[in-house]
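Right, one structure below, let's go through it.
The values are calculated or read from the model by the stated rules, or taken from the named source; none is laboratory data. None of these values were measured; they are calculated from a predicted model. Glycine gets a Cβ as well: all are built from the backbone with ideal geometry, and neighbour counts include every protein chain shown.
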Amino acid sequence: MKAFCTVKGLLCVCALFFSALATAALSDVFPADFVALPAGQMAASVYLFESRQEGTWAKGHRLGDAQLSTTVAAARFSRFYRIGEVKVAPVFVLSSLNIALSGNAIPANVARGRSGLGDLRLGGTVWFIDDAQNRHYLGLNLTAMFPSGRYDSHELANPGENRRRQGLMLGWVKGLSDNLTFEAAPEVAWYGSNSANYPGNVRLDQRHTVSLTTYLRYRFAPQWLVFVGAQANEGGETVINGLAQNNPIYGRRFYLGGTYLLDKDNGINLRLAFDATPLTGLKTTQEIALRWISRY
């Protein structure tokens, strides 16, 4: 009986954590991500994320003292091509994560620290509007994430998820004035099943999620830009062995940051983020993201 209760408790916490990990859009959009570079150029970005989350939350109320601290290092590469009348850019992303858990709500038999490679991300964007003179772009991105990262069914949080994920995102960039630019990126994401190696030997499914990320950025000097942004996320209810967990996501995230351009081909982004109180899952109380951008 004790073993059964331990497994059942772990499944409940795992369901909340899976819900929480999906509160951000599948593709984390930064300002100018949908600005198309000239054909023949390559773009490389290196990211460092530091985030803290607390929970878990259910129906807007906190149900424990669980805390999750995550460090993510990632590299993103793309190359731009002209095919007929449109521009395309395939994208490759690889990441490494270090995860630390704390709080009395975490089961005693669960490791408090995990690290390793995240899931491989492959995708590409095609632009239907590519007007650099007027800073007007419209691109469609398809991203797929493959279960290549480190995963252990006996652990609560893992760098990998042991399931495939895919998302379709539309990115729109529009210059409103000489120095003011608006960006919007709606996305819908679908999730494969974690059926072979989920805690308790059960099948985990997740319903699709929808998100909208927006930014407003302003150039106040030739090398300096500042931006504010927001992200809305909904959907993503988890289903365990065919039983819906009644834990859909309803999250709101806010961004503040800036960009410093070292020269015409290199720049640095600094972005701060935090969540409003979620209905379900974990709440991001602090996220700091640093990104180096280079094109060549």
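Out of curiosity, is Gly123 touching a Ser or Thr at 6+ places or on another chain (Cβ under 7 Å) and either assigned to a strand (DSSP E or B) or within 25 Å of Ser211 (Cβ to Cβ) (or both)?
On the way: touching a Ser or Thr at 6+ places or on another chain (Cβ under 7 Å): yes; either assigned to a strand (DSSP E or B) or within 25 Å of Ser211 (Cβ to Cβ) (or both): yes.
For Gly123, the condition - touching a Ser or Thr at 6+ places or on another chain (Cβ under 7 Å) and either assigned to a strand (DSSP E or B) or within 25 Å of Ser211 (Cβ to Cβ) (or both) - is met.
If I filter region 193-223 down to residues being in a strand (DSSP E or B) and polar (S, T, N, Q), which single residue comes out as modelled with the lowest pLDDT? Lay out the reasoning, then the answer.
First pass over region 193-223, keeping only residues in a strand (DSSP E or B): 194-198, 202-206, 209-221.
With polar (S, T, N, Q) added as a condition, the list becomes 194-195, 197, 206, 209, 211, 213-214.
Details: Asn194: 85, Ser195: 77, Asn197: 69, Gln206: 91, Thr209: 93, Ser211: 95, Thr213: 97, Thr214: 98.
Here the answer is Asn197.
Return the residues of region 78-109 that are β-branched (Val, Ile, Thr), touching a residue at least 40 places away in the same chain (Cβ under 8 Å) and surrounded by fewer than 17 Cβ atoms within 10 Å (Cβ to Cβ); say none if nothing qualifies.
Taking region 78-109 and keeping what is β-branched (Val, Ile, Thr), we get 83, 86, 88, 91, 93, 99, 106.
So of that shortlist, the ones also touching a residue at least 40 places away in the same chain (Cβ under 8 Å) come out as 86, 91, 99, 106.
Listed by number, the list holds a single entry, Val86.
For region 229-276, which residues satisfy the criterion of being under 15 Å from the mean Cα position of the chain (by Cα) and outside any strand (DSSP E or B)?
Gly236
Is there a residue in region 154-165 that is part of a strand (DSSP E or B) and either buried (at least 16 other Cβ atoms within 10 Å of the Cβ) or in contact with a Cys (Cβ under 8 Å, 6 or more places away or on another chain) (or both)? Outline the logic, then answer.
In the first step, residues of region 154-165 are kept if they are part of a strand (DSSP E or B); the result is 165.
Retained after the next criterion (residues that are either buried (at least 16 other Cβ atoms within 10 Å of the Cβ) or in contact with a Cys (Cβ under 8 Å, 6 or more places away or on another chain) (or both)): 165.
Yes, the conditions are met somewhere in region 154-165.
Under 6 Å between Cβ atoms, at least 6 apart or on separate chains: pull out the pairs that start in region 29-56 with a residue that is acidic (Asp, Glu) and end on any residue that is surrounded by fewer than 15 Cβ atoms within 10 Å (Cβ to Cβ).
Glu50/Thr71; Glu50/Ile288; Glu54/Thr285
Within region 21-85, considering only strands (runs of 3 or more DSSP E) that don't extend past its boundaries, which have at least 2 residues that are of a type outside the set (Phe, Trp, Tyr) and under 30 Å from Ser115 (Cα atoms)?
Numbers: elements: 42-58, 61-79, 81-83.
Once the strands (runs of 3 or more DSSP E) in region 21-85 are filtered for at least 2 residues that are of a type outside the set (Phe, Trp, Tyr) and under 30 Å from Ser115 (Cα atoms), what remains is 42-58, 61-79.
Please work out if Ser115 is more than 30 Å from Leu216 (Cβ to Cβ), more than 17 Å from the chain's Cα centre (by Cα), assigned to a strand (DSSP E or B) and hydroxyl-bearing (Ser, Thr, Tyr).
When the stated conditions are applied, Ser115 passes them.
If I go through region 59-76 residue by residue, how many of them are farther than 18 Å from Ala289 by Cβ and either surrounded by 14 or more Cβ atoms within 10 Å (Cβ to Cβ) or not small (Gly, Ala, Ser) (or both)?
8
Checking Ala185 against (1) crowded, with 16+ Cβ neighbours inside 10 Å; (2) under 25 Å from Leu101 (Cα atoms); (3) not acidic (Asp, Glu), which test does it fail?
(2)
Do you know which of the residues in region 138-166 that are among the hydroxyl-bearing types (Ser, Thr, Tyr) and farther than 16 Å from Glu187 by Cβ is modelled with the highest pLDDT?
So the first thing to find is which residues in region 138-166 are among the hydroxyl-bearing types (Ser, Thr, Tyr), and the list is 143, 148, 151, 153.
Okay, now just the ones that are also farther than 16 Å from Glu187 by Cβ, so 148, 151, 153.
Values: Ser148: 93, Tyr151: 88, Ser153: 81.
Only one residue tops the list, namely Ser148.
Do we have Gly258 as at pLDDT 90 or above, closer than 27 Å to Arg295 by Cα and either touching a Pro at 6+ places or on another chain (Cβ under 6 Å) or among the small types (Gly, Ala, Ser) (or both) here? Walk me through it before giving the result.
Numbers: at pLDDT 90 or above: yes; closer than 27 Å to Arg295 by Cα: yes; either touching a Pro at 6+ places or on another chain (Cβ under 6 Å) or among the small types (Gly, Ala, Ser) (or both): yes.
Against the criterion (at pLDDT 90 or above, closer than 27 Å to Arg295 by Cα and either touching a Pro at 6+ places or on another chain (Cβ under 6 Å) or among the small types (Gly, Ala, Ser) (or both)), Gly258 qualifies.
Would you confirm whether or not region 33-52 contains a residue that is at pLDDT below 95, farther than 15 Å from Arg291 by Cβ, among the polar types (S, T, N, Q) and surrounded by fewer than 22 Cβ atoms within 10 Å (Cβ to Cβ)?
Checked region 33-52: no residue is at pLDDT below 95, farther than 15 Å from Arg291 by Cβ, among the polar types (S, T, N, Q) and surrounded by fewer than 22 Cβ atoms within 10 Å (Cβ to Cβ).
Residues that are among the hydroxyl-bearing types (Ser, Thr, Tyr), surrounded by 14 or more Cβ atoms within 10 Å (Cβ to Cβ) and in contact (Cβ under 8 Å) with a residue 40 or more places away in the chain: does region 218-235 have at least one?
no
Residue under question is Val226, and the condition is that it be modelled with pLDDT under 95, among the hydrophobic types (A, V, I, L, M, F, W, C), in a strand (DSSP E or B) and over 19 Å from Glu54 (Cβ atoms); does it hold?
On the way: modelled with pLDDT under 95: no; among the hydrophobic types (A, V, I, L, M, F, W, C): yes; in a strand (DSSP E or B): yes; over 19 Å from Glu54 (Cβ atoms): yes.
No.
Being assigned to a strand (DSSP E or B) and touching a Ser or Thr at 6+ places or on another chain (Cβ under 9 Å) is the filter; apply it to region 133-153 and report the residue that is nearest to Ala73 (Cα to Cα).
Initial filter on region 133-153 (assigned to a strand (DSSP E or B)): 136-146.
If we keep only those that are touching a Ser or Thr at 6+ places or on another chain (Cβ under 9 Å) as well, we get 139-143.
Working: Gly139: 26, Leu140: 26, Asn141: 22, Leu142: 22, Thr143: 19 Å.
Across region 133-153, the extreme among qualifying residues is Thr143.
If you go through region 167-180, how many residues are touching a residue at least 60 places away in the same chain (Cβ under 8 Å) and either surrounded by fewer than 21 Cβ atoms within 10 Å (Cβ to Cβ) or among the polar types (S, T, N, Q) (or both)? Working first, answer last.
Taking region 167-180 as the starting set, the residues that turn out to be touching a residue at least 60 places away in the same chain (Cβ under 8 Å) are 167, 169, 171-173.
From the residues that got through so far, the ones that are either surrounded by fewer than 21 Cβ atoms within 10 Å (Cβ to Cβ) or among the polar types (S, T, N, Q) (or both) too are 172.
Within region 167-180, residues that are touching a residue at least 60 places away in the same chain (Cβ under 8 Å) and either surrounded by fewer than 21 Cβ atoms within 10 Å (Cβ to Cβ) or among the polar types (S, T, N, Q) (or both) number 1.
Name the residue, out of Ala25, Ala105, that is farther than 26 Å from Leu256 by Cα and modelled with pLDDT under 85.
Working: Ala25 fails: farther than 26 Å from Leu256 by Cα.
Checking each option against the conditions leaves just Ala105.
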